[in-house]
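The values are calculated or read from the model by the stated rules, or taken from the named source; none is laboratory data. Please read these numbers as outputs of a predicted model, since none were measured by experiment. Ideal geometry is used to build each Cβ from the backbone, glycine not excepted, and the neighbour counts take in all protein chains shown.
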Amino acid sequence: MKGRFGKFGGQYVPETLMNALIELEEEFESAIKDEEFLETYRYYLREYSGRPTPLYYAENLTQTLGGAKIYLKREDLNHTGAHKINNVLGQILLAKRIGKKRIIAETGAGQHGVATATGAAKFGMECEVFMGEEDVQRQSLNVFKMKLLGAKVTPVKTGTKTLKDAVNEAIRNWVANVDTTFYVMGSVVGPHPYPTMVRDFQRVIGDEARSQILEKEGRLPDYVMACVGGGSNSMGIFYPFIEDKNVKLIGVEAGGLGIESGKHAATFYGGSTGVLHGMMTYILQDEEGQILPVYSISAGLDYPGVGPEHAYLKESGRAEYVYATDQEALDAFMALSKIEGIIPALESAHAIAYATKLAPTLGKDKIMIVNLSGRGDKDVGIVSKFMGVNL
Amino acid sequence: MNRINEKFSHLKSNQQKALITFVTAGDPDAETTVKIIDGMEEAGTDIVEIGIPYSDPLADGPTIQSSSIRALKNGIKIPIIMDMVKEIRKYSEIPLVFLVYYNSIFKYGMDEFLEESKRSGIDGIIIPDLPMEERNEISEMMRKKDIILIPLVAPTSRERVRDIVKNADGFVYCVSINGVTGAREKIGTDLKSYMDSVASFTNIPRAIGFGISNAAMIREVKDYCDGVIVGSAIINVISKYDDNSEMLENLKKFVSDLKSGLSEVKI
Ligand SMILES: Cc1ncc(COP(=O)(O)O)c(C=O)c1O
């Protein structure tokens, strides 16, 4: 069925948006088959964002852990410091093609907001970013960056004042300005065609990683691992490996203070099927379908839902989903900084955390790719606070 | 005959149009909501829309969002709302419609929700985040239970209107503007051509909602439709007064004023 991954996905939105979604789907389907569009997209990925990103053999980490060989896909080396720009460049070029001059976006950690503001500056578009008031405070550096780039940052004061509410507000703004505005969704979430479109703009991560590992090792990896907020960096790296049945795909969610504490954002632990932000997927909700407040030290993973294609991969058993707690992510954040000289984003540190648990249990002949979705500059304030250090 | 259809045919035979008013269940509390509905009926409301509060109401502006949050904080739950409806049905035949987001129904269990709605005395359901692409399953179940699924059309719907209103019953909810709910000062949309285009696809009554906030606005839009829906403006009155009896008095005045805007039929 159109826009469905098994029973997940769909388009649960106000009628006002339906023709815009249909138009978006048609434009996307024609663009993604249009060599000229793809050439332009690849041009900006290469010349503006600096792709391809390296697949880096983390020798020190591998030796310290004494197990599987660990490769890091260096999405942190993208322009603006995370994988988010891959998707933003695709969507902004699409907005241009449709003829929209105003773009809006939601952001949690601020990485997608910064990437969108960057694209808007580059392509001369008006840009408004919706961000939960709590995240505005947690990620003040990124707020300042967005403003420098010329975007308007609108703090969202409703609900839990985090990413979920920023998405609500962006959708409401889109409803009111649907004729003039293009909504640049930041992850593989939302109504069809967003989950598919964002995946297709992020699959470059996996396409590169697959050919890089074949070149370096002459074979496919045993494991591919990535953190899961909405699920775009993970879907991007998983997708090209889905048909490679011997490659295990592992998504790492945010375990916050632990599942038992109730303060977490691990949708597959305690979540159930429901509808949020226009999609049917796994969500954290109470028995009457009210969305529960979620928590993670990392603003980018602090989301009560997950992309519908992940829900499908989970139910079909093709991918496995685990979680890492705040503390485990912080430990991994420190470890990667000290051992490899790479400061990861707190989001990405969740994937590193699980990798450091799994690698020592595996033989040295095993190969694992961990997606390093972003760099940690934006998080040093939070981490220093956690360590009790005043900057 | 379903109470909604009965109401519209009665109004039509008297050359009148419907006043449809909205209230959030449980704001400020369930008992008061019942009194509010009684008061609105007394003051001339023809149909009442009962909003089931939801944590993430995508189609609603700040007024109804805050109202929903207040109700949820007060512990409102679907079974309490069903009991409220049953209570009202003991003495009133006013058509009652739920305004409910899809996830509330889905999570509760579609069959249980519809069965309890029917048993309580609900006549119709509006689901603001369920476009026609997603409605087949529930609309089939509702048809069997004689609960009307009220379709929504928007100014952006254009050619979609034809399929949206196909086999529709009750009335068509015509969203007046591109935007979320909330009291507004004026409606920018070219209502005449919009409402004419809806009429070209269906003979069932058309009600305009979103943004309508006073009798003057009702006078402006009433010639284009068979009914008007007032939501946020009602909530604004309800939330303005701390004292319940003062609130109810003012609400009744407000509703009869809205009604007066509607009843001045042009000869
Ligand atoms: C560096 C980084 N990684 C991961 C995420 C989580 O998003 P997703 O699961 O869509 O990749 C974010 C979101 O802000 C991020 O900034």
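Mind checking which residues of the range A:166-179 are within 8 Å of chain B (Cβ to nearest Cβ) and either assigned to a helix (DSSP H, G or I) or in contact with a Cys (Cβ under 6 Å, 6 or more places away or on another chain) (or both)?
Kept after step one, since they are within 8 Å of chain B (Cβ to nearest Cβ), are these residues of the range A:166-179: A:168, A:171-172, A:175-179.
Scanning the range A:166-179 gives A:Asn168, A:Ile171, A:Arg172, A:Val175, A:Ala176.
If we scan the range B:190-197, do we find a residue that is more than 11 Å from chain A (Cβ to nearest Cβ), over 20 Å from the mean Cα position of the chain (by Cα) and more than 21 Å from A:Val178 (Cβ to Cβ)?
Within the range B:190-197, one or more residues are more than 11 Å from chain A (Cβ to nearest Cβ), over 20 Å from the mean Cα position of the chain (by Cα) and more than 21 Å from A:Val178 (Cβ to Cβ).
Could you figure out which of (1) of a type in the set (A, V, I, L, M, F, W, C); (2) closer than 16 Å to B:Leu251 by Cβ; (3) surrounded by fewer than 24 Cβ atoms within 10 Å (Cβ to Cβ) isn't true of B:Met82?
It fails just one condition, (2).
Could you tell me how many of the residues in the range A:81-122 are away from chain B (no Cβ under 14 Å), crowded, with 23+ Cβ neighbours inside 10 Å and within 16 Å of the ligand (Cβ to nearest atom)?
Adding up the residues that qualify gives 24.
A quick yes/no check of all residues on (1) of a type in the set (A, V, I, L, M, F, W, C); (2) at pLDDT below 95:
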| site | (1), (2) |
| --- | --- |
| A:Asn86 | no, no |
| A:Leu93 | yes, no |
| A:Ile104 | yes, no |
| A:Ala120 | yes, no |
| A:Cys127 | yes, no |
| A:Gly132 | no, no |
| A:Asp135 | no, yes |
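Looking at (1) touching a residue at least 60 places away in the same chain (Cβ under 8 Å); (2) within 14 Å of another protein chain (Cβ to nearest Cβ); (3) surrounded by fewer than 20 Cβ atoms within 10 Å (Cβ to Cβ), can you tell me which one A:Ile32 breaks?
(2)
Pick out the one residue from A:Ile85, A:Ile104, A:Ile92 that is assigned to a helix (DSSP H, G or I) and over 12 Å from the mean Cα position of the chain (by Cα).
On the way: A:Ile85 fails: over 12 Å from the mean Cα position of the chain (by Cα); A:Ile104 fails: assigned to a helix (DSSP H, G or I).
The conditions single out A:Ile92.
Do we have any residue at all in the range A:52-67 that's more than 14 Å from chain B (Cβ to nearest Cβ), over 28 Å from A:Ile22 (Cβ atoms), within 16 Å of the ligand (Cβ to nearest atom) and surrounded by 20 or more Cβ atoms within 10 Å (Cβ to Cβ)? Steps first, please.
So in the range A:52-67, the residues more than 14 Å from chain B (Cβ to nearest Cβ) come out as A:52-67.
So of that shortlist, the ones also over 28 Å from A:Ile22 (Cβ atoms) come out as A:52-67.
Still in the list and also within 16 Å of the ligand (Cβ to nearest atom): A:53.
Cutting the leftovers down to surrounded by 20 or more Cβ atoms within 10 Å (Cβ to Cβ) gives us A:53.
Yes, because at least one residue in the range A:52-67 is more than 14 Å from chain B (Cβ to nearest Cβ), over 28 Å from A:Ile22 (Cβ atoms), within 16 Å of the ligand (Cβ to nearest atom) and surrounded by 20 or more Cβ atoms within 10 Å (Cβ to Cβ).
Do we have any residue at all in the range A:299-308 that's more than 30 Å from A:Leu21 (Cα to Cα), in contact (Cβ under 8 Å) with a residue 12 or more places away in the chain and crowded, with 24+ Cβ neighbours inside 10 Å?
Step one: of the range A:299-308, the residues more than 30 Å from A:Leu21 (Cα to Cα) are none.
Taking every residue of the range A:299-308 in turn, none turns out to be more than 30 Å from A:Leu21 (Cα to Cα), in contact (Cβ under 8 Å) with a residue 12 or more places away in the chain and crowded, with 24+ Cβ neighbours inside 10 Å.
Residue check, A:Phe182 against (1) within 16 Å of the ligand (Cβ to nearest atom); (2) more than 14 Å from every other protein chain (Cβ to nearest Cβ), all met but one. Which one?
Every listed condition holds for A:Phe182 apart from (1).
Being within 22 Å of B:Ala59 (Cβ to Cβ) and in contact with a Leu (Cβ under 6 Å, 6 or more places away or on another chain) narrows it down to one of B:Val237, B:Val198, B:Val228, so name that one.
Details: B:Val198 fails: in contact with a Leu (Cβ under 6 Å, 6 or more places away or on another chain); B:Val228 fails: in contact with a Leu (Cβ under 6 Å, 6 or more places away or on another chain).
Exactly one residue qualifies, and that residue is B:Val237.
Counting only residues that are more than 13 Å from the ligand (Cβ to nearest atom) and hydroxyl-bearing (Ser, Thr, Tyr), which one in the range A:294-322 is farthest from the other protein chains (Cβ to nearest Cβ)?
A:Ser316
Looking at the structure I just gave you, is A:Ala254 within 15 Å of the ligand (Cβ to nearest atom), assigned to a loop (DSSP other than H, G, I, E, B) and within 16 Å of the chain's Cα centre (by Cα)?
Values: within 15 Å of the ligand (Cβ to nearest atom): yes; assigned to a loop (DSSP other than H, G, I, E, B): no; within 16 Å of the chain's Cα centre (by Cα): yes.
Here the answer is no, as A:Ala254 does not meet what is asked.
Please find, within the range A:225-240, the residue that is farthest from the ligand (Cβ to nearest atom) out of those that are part of a helix (DSSP H, G or I) and crowded, with 24+ Cβ neighbours inside 10 Å. Reasoning before the result, please.
First pass over the range A:225-240, keeping only residues part of a helix (DSSP H, G or I): A:232-240.
Subsequent filtering for residues that are crowded, with 24+ Cβ neighbours inside 10 Å retains A:232-238.
Values: A:Ser232: 3, A:Asn233: 3, A:Ser234: 6, A:Met235: 8, A:Gly236: 8, A:Ile237: 10, A:Phe238: 11 Å.
The selected residue is A:Phe238.
Is one or more of the residues making up the range A:28-38 more than 24 Å from A:Glu215 (Cα to Cα), among the hydrophobic types (A, V, I, L, M, F, W, C) and within 16 Å of the ligand (Cβ to nearest atom)?
Initial filter on the range A:28-38 (more than 24 Å from A:Glu215 (Cα to Cα)): A:28-38.
Among the residues that remain, those that are also among the hydrophobic types (A, V, I, L, M, F, W, C) are: A:28, A:31-32, A:37-38.
Subsequent filtering for residues that are within 16 Å of the ligand (Cβ to nearest atom) retains none.
No: zero hits.
Output the qualifying pairs, or none if there are none: Cβ atoms under 8 angstrom, residues six or more apart or on different chains, first residue in the range B:104-132 and more than 22 Å from B:Arg3 (Cβ to Cβ), second residue among the small types (Gly, Ala, Ser) and surrounded by 20 or more Cβ atoms within 10 Å (Cβ to Cβ).
Matching pairs, first to second residue: B:Ser104/A:Gly289; B:Phe106/A:Gly274; B:Phe106/A:Gly289; B:Lys107/A:Gly274; B:Lys107/A:Gly289; B:Tyr108/A:Gly289; B:Asp129/A:Gly278; B:Asp129/B:Ala59.
Where residues in the range A:377-391 are of a type in the set (A, V, I, L, M) and within 16 Å of the ligand (Cβ to nearest atom), which of them is nearest to the other protein chains (Cβ to nearest Cβ)? Can you show your working first?
Let us first name the residues in the range A:377-391 that are of a type in the set (A, V, I, L, M), namely A:380, A:382-383, A:387, A:389, A:391.
If we keep only those that are within 16 Å of the ligand (Cβ to nearest atom) as well, we get A:380, A:382-383.
Numbers: A:Val380: 32, A:Ile382: 26, A:Val383: 31 Å.
Applying the filter and picking the extreme gives A:Ile382.
Out of A:Val143, A:Val136, I need the residue that is within 16 Å of the ligand (Cβ to nearest atom), free of Cβ contacts under 8 Å to residues at least 24 places away in the same chain and either surrounded by fewer than 24 Cβ atoms within 10 Å (Cβ to Cβ) or charged (D, E, K, R) (or both). Which one? Even if it seems obvious, please write down each step before you answer.
On the way: A:Val143 fails: free of Cβ contacts under 8 Å to residues at least 24 places away in the same chain.
None of the others qualify; the one that does is A:Val136.
Tally up the residues in the range A:152-187 that are over 21 Å from A:Ile98 (Cα atoms), buried (at least 23 other Cβ atoms within 10 Å of the Cβ) and in contact with a helix residue (DSSP H, G or I) (Cβ under 8 Å, 6 or more places away or on another chain), please.
4
Just to verify a result, which residue in the range A:336-376, among those that are in a helix (DSSP H, G or I), of a type in the set (Ser, Thr, Tyr) and within 16 Å of the ligand (Cβ to nearest atom), is farthest from the other protein chains (Cβ to nearest Cβ)?
Step by step, filter the range A:336-376, then rank; the result is A:Ser337.
Mind counting the residues in the range A:1-50 that are under 16 Å from A:Gly119 (Cβ atoms) and small (Gly, Ala, Ser)? Before the answer, list the steps.
Step one: list which residues in the range A:1-50 are under 16 Å from A:Gly119 (Cβ atoms), which gives A:31, A:37, A:40-50.
With small (Gly, Ala, Ser) added as a condition, the list becomes A:31, A:49-50.
Qualifying residue count for the region: 3.
Name the residues in the range B:28-64 that are surrounded by 22 or more Cβ atoms within 10 Å (Cβ to Cβ) and within 11 Å of another protein chain (Cβ to nearest Cβ), would you?
B:Ile52, B:Pro53, B:Tyr54, B:Ser55, B:Asp56, B:Pro57, B:Leu58, B:Ala59, B:Asp60
For the range B:201-221, enumerate the residues that are of a type in the set (Lys, Arg) and farther than 24 Å from B:Ala168 by Cα. Outline the logic, then answer.
Looking only at the range B:201-221, we keep the residues that are of a type in the set (Lys, Arg), and these are B:206, B:219.
Once the filter is applied, which keeps residues that are of a type in the set (Lys, Arg) and farther than 24 Å from B:Ala168 by Cα, the range B:201-221 yields only B:Arg219.
Residues of the range A:189-212 being within 12 Å of the ligand (Cβ to nearest atom) and part of a helix (DSSP H, G or I), which ones? So that I can check it myself, show each step before the final result.
Residues of the range A:189-212 within 12 Å of the ligand (Cβ to nearest atom): A:189-190, A:194-195, A:198-199, A:201-202, A:205.
Hits for the range A:189-212 are A:Tyr194, A:Pro195, A:Val198, A:Arg199, A:Phe201, A:Gln202, A:Ile205.
Quick check on my filter: what residues within the range A:265-293 are more than 12 Å from chain B (Cβ to nearest Cβ) and within 15 Å of the ligand (Cβ to nearest atom)? Give the steps one after another, and end with the answer.
So in the range A:265-293, the residues more than 12 Å from chain B (Cβ to nearest Cβ) come out as A:265-270, A:282.
Within the range A:265-293, A:Ala265, A:Ala266, A:Thr267, A:Phe268, A:Tyr282 qualify.
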